[in-house]
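To start, the structure itself, in structure tokens.
Computed from the coordinates by the stated procedures, all read-outs in this text should not be read as laboratory data. Keep in mind it's a predicted model, so treat the numbers as computed, not measured. Here the Cβ positions follow ideal geometry from the backbone for every residue, glycine too, while neighbour counts run over all protein chains shown.
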Amino acid sequence: MRSLLPVFASLLLGAWGARADRYHPRDAAGRAAAINRAETSSAFWTSEAQEAIDERLKRTESVKKARNVVMFLGDGMSVPTLAAARTLLGQRQGVTGEESKMYFETFPTVGMAKTYCVNAQIADSACTATAYLCGVKTNSGVIGVNANVRRNDCAASTDSGTHLRSIAEWALDDGRDAGVVTTTRITHASPAGVFAKVANRTWEFNAQVEEHGYDTERCPDIALQLIHKHPGNKLKVILGGGRRNFLPNDVRDEEGSRGSRTDNRHLINEWKQDKLDRGVTHEYIWNRDQLMQANNSLPDYLLGLFESSHMQYHLESNLETEPTLAEMTEVAIRSLSRNENGFFLFVEGGRIDHAHHDNLVHLSLDETLEMDAAVARAAELLSEDDSLIVVTADHAHVMAFNGYSLRGNDILGPSRDLDDHGMPYMTLSYTNGPGFRSHVNGIRPNVTAENGYSNGALAWESHVDVPLDSETHGGDDVAVFARGPHHSMFTGLYEQSQLPHLMAYAACMGPGRHACTSAAAVPVPVAFFTLFVLLTSLFIQ
Ligand SMILES: *[C@@H]1O[C@H](CO)[C@@H](O)[C@H](O)[C@H]1NC(C)=O
Ligand SMILES: *[C@@H]1O[C@H](CO)[C@@H](O)[C@H](O)[C@H]1NC(C)=O
Ligand SMILES: *[C@@H]1O[C@H](CO)[C@@H](O)[C@H](O)[C@H]1NC(C)=O
Ligand SMILES: [Zn+2]
């Protein structure tokens, strides 16, 4: 039944004429909903449900040890973002969209994670990275240290008792390999959770630490930690943006941008030297062609920095020079798969968050779909039998999916509804952020009459209620999707800091309980004792 949907949809498109798009919205009142005839029959929904039951009954769950673990993190990928992105995905394929699913939405287990931090009701990406990578909740703005460290407290962070170990370190200790891939600067909060211990997330390069009068010997910046400290210097694959934090400020990078370091250190050269000293093959790359070449002959260690700062939004990027998240993910997996013991890989779709902060909803949804494509690529390359894939977000945003639009309404267009003054409003609008427009005589302006809207400009900001330079995060729970060994451990509602413990359980590594020991068999002394009790009770009777 499901596979016929596109057919019905195209029939319906014929009837509906050229599908309305965001640039030429149709008159809402005159428009009929894009009804799929099959859906008017009760049998359609009953058989849809029965098929879903069959599918669940056929499902198996590998109880093997998860040799490989890939964690995908959509930064700021709230639950409404998922619903809107899947609708956009469907609409791009010419169907109504609401019924579509992103690839990772087909995973067998879905759970919910609570995102608050030790001192914050609404989280930032630093305390959450610490939670979902190191397994401990902490203070907003700090990474890889526990809540005894206040933000900016260099002294407190030098106490190794506050330091946390990430799941990448657990994997390395177990003889596996580890890697990190992101679309942001590699020194940004989420990827830094893999390798850094720092009292202020903005300490990405030396001057940010020194600005507070602190010494980078005591409190090393995040870039320095990646190149010289454990576990950063053991990561086999490092792919993302952020070149400038590794270069002196009088050096221009391959694309002409200046470095940001004021300590005259060229950390990319230092990385190369470190690998030379250790006698391992290595390659530093900065564009897509080089990534494709590296894919053909993989070095032991690969460092790819594709932009001076964050990588470009996929819809705005030059696809010739800049790799996609799916391409980076594929090369990372092919590289790490060479270790028979397995690996841990962290992949971040980091700019879903940035676009939301700027109220650029089209870009945010597209970045979400780009991450979905990366998940699909990973799932193709890795067996469900021995590789665990977990997809989640760090925190929510305040984008609302609102109004009473008809089925199939352009997800990037206005609601069918009008406000109390008859003015249109967008189906995807924000509570706050830079997209505020002043009201005239108490009446909102008509945003659909703006040039940016009618041109479909990617830089067009959806409207907001509260004016703010940057839209804020949201305090809602985030979804967790899991596929592979022990995926059902990820069901339910739980603290975000449980995530690395659950992954480590499935992979049988790190501290705490492991699936391999607890699920394999009852421990021998317990079994023996039980037998003993059974036998004695028989004798006593
Ligand atoms: C963190 O460091 C940045 C850069 O030095 C600084 O602007 C910011 O105020 C610091 N945060 C706090 C809470 O002190
Ligand atoms: C990497 O190489 C493999 C094997 O040769 C090939 O199948 C794959 O398409 C390549 N990946 C990319 C992103 O080019
Ligand atoms: C808002 O602008 C659109 C596009 O120009 C126009 O079709 C619509 O009539 C306007 N509505 C109001 C209430 O001004
Ligand atoms: Zn953010």
Exercise for the section: Before rounding to the nearest 500, sum -39500 (n - 2.57) across all DSSP H runs of length at least 4 in the chain and divide by the residue total; then give [θ] at 222 nm in deg cm²/dmol. Expected result: -9500 deg cm²/dmol
Exercise for the section: For region 125-173, just say rounded, prolate or oblate: build the C-alpha gyration tensor, square-root its eigenvalues into a ≥ b ≥ c, call rounded for a/c under 1.5, and beyond that prolate if a/b exceeds b/c, oblate if not. Expected result: oblate
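Can you give me the relative contact order of the chain as a percent, contacts being Cα pairs under 8 Å and 6 or more apart?
After rounding, I find 23 percent.
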Problem - Positive-end residue, the chain charge dipole about Cα centroid, Cβ charges, pick of Q225, L172, S415 - result: L172
Problem - Debye, to nearest 20: dipole size of region 192-246, +1 on Lys, Arg Cβ, -1 on Asp, Glu Cβ - result: 380
Practice task
Return the long-range amide H neighbours of M426 (sequence gap of 5 or more, or a different chain), with a cut-off of under 5 Å between placed amide H atoms.
Solution key: S415, H463
Handout entry: Calculated FRET efficiency for the pair H228/D159, C-beta based, R₀ 25 Å, to 0.05
Key = 0.80
Exercise for the section: Find out how many positive minus negative residues lie around D476, taking Lys and Arg as positive, Asp and Glu as negative, among other residues whose Cβ is under 14 Å from that of D476. Expected result: -1
Completion exercise
Stokes-Einstein, Kirkwood over Cα pairs, region 142-280, 4 °C, 1.567 mPa s; D in µm²/s equals 85
Handout entry: Cross-link partners of K234 among lysines (Cα-Cα below 18 Å; sequence separation of 8 or more within a chain)
Key = K197, K272, K275
Practice task
Report the extension gain between D420 and S47 in nm, rounded to one decimal, defined as 0.36 nm multiplied by the number of residues separating them, less their alpha carbon distance.
Solution key: 130.1 nm
Practice task
Of the options I285, T184, N68, report the single residue whose Cα projects farthest towards the positive end of the charge dipole of the chain (beta-carbon charges: Lys, Arg +1; Asp, Glu -1).
Solution key: N68
Practice task
Determine, for E217, E307, E254, E105, the number of other Cβ atoms within 10 Å of each Cβ, and report the residues in order from fewest to most.
Solution key: E217, E254, E105, E307
Handout entry: Within-11-Å neighbourhood charge of H514 [Cβ basis; K, R +1; D, E -1]
Key = +1
Exercise for the section: Once you have the Cα-Cα distance between E320 and N148, take 0.36 nm times their residue separation minus that, and quote the gain in nm to one decimal. Expected result: 57.3 nm
Problem - Cut-off under 5 Å, modelled amide H: who pairs with G492 long-range - result: M112
Fill in the blank from the handout: Whole-Hz Karplus couplings 3J(HN,Hα) for region 341-347, θ = phi - 60° and coefficients 6.51, -1.76, 1.60, Gly and Pro as x, run 6, x, 7, 10, 10, 10, 10
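Tell me, M292, M371 in order of fewest to most beta-carbon neighbours within 10 Å?
M292, M371
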Practice task
Compute the label zone of L381 within region 229-245: residues whose backbone N is under 16 Å from the point 7 Å along Cα-to-Cβ.
Solution key: 236-240
Handout entry: Largest-first ellipsoid semi-axes for the chain, taking √(5λ) over the Cα gyration tensor eigenvalues, angstrom
Key = 39, 34, 23
Problem - FRET efficiency for R56 and N264, using Cβ-Cβ distance with R0 set to 41 Å, rounded to 0.05 - result: 0.10
Exercise for the section: With +1 on each Lys and Arg Cβ and -1 on each Asp and Glu Cβ, and nothing else charged, work out how big the dipole of the chain is about its Cα centre, in Debye to the nearest 20. Expected result: 1000
Exercise for the section: Please give the length that would be gained between D465 and D274 if that part of the chain were fully extended, namely 0.36 nm times their separation in residues minus their C-alpha to C-alpha distance (nm, one decimal). Expected result: 63.6 nm
Exercise for the section: Would you mind working out the magnitude of the charge dipole of region 414-467 relative to its Cα centre, with +1 at each Lys and Arg C-beta and -1 at each Asp and Glu C-beta, to the nearest 20 Debye? Expected result: 80
Problem - GluC sites (Glu not before Pro) restricted to region 318-356 and DSSP loop, no more than 10 other C-beta within 10 Å - result: E320, E340
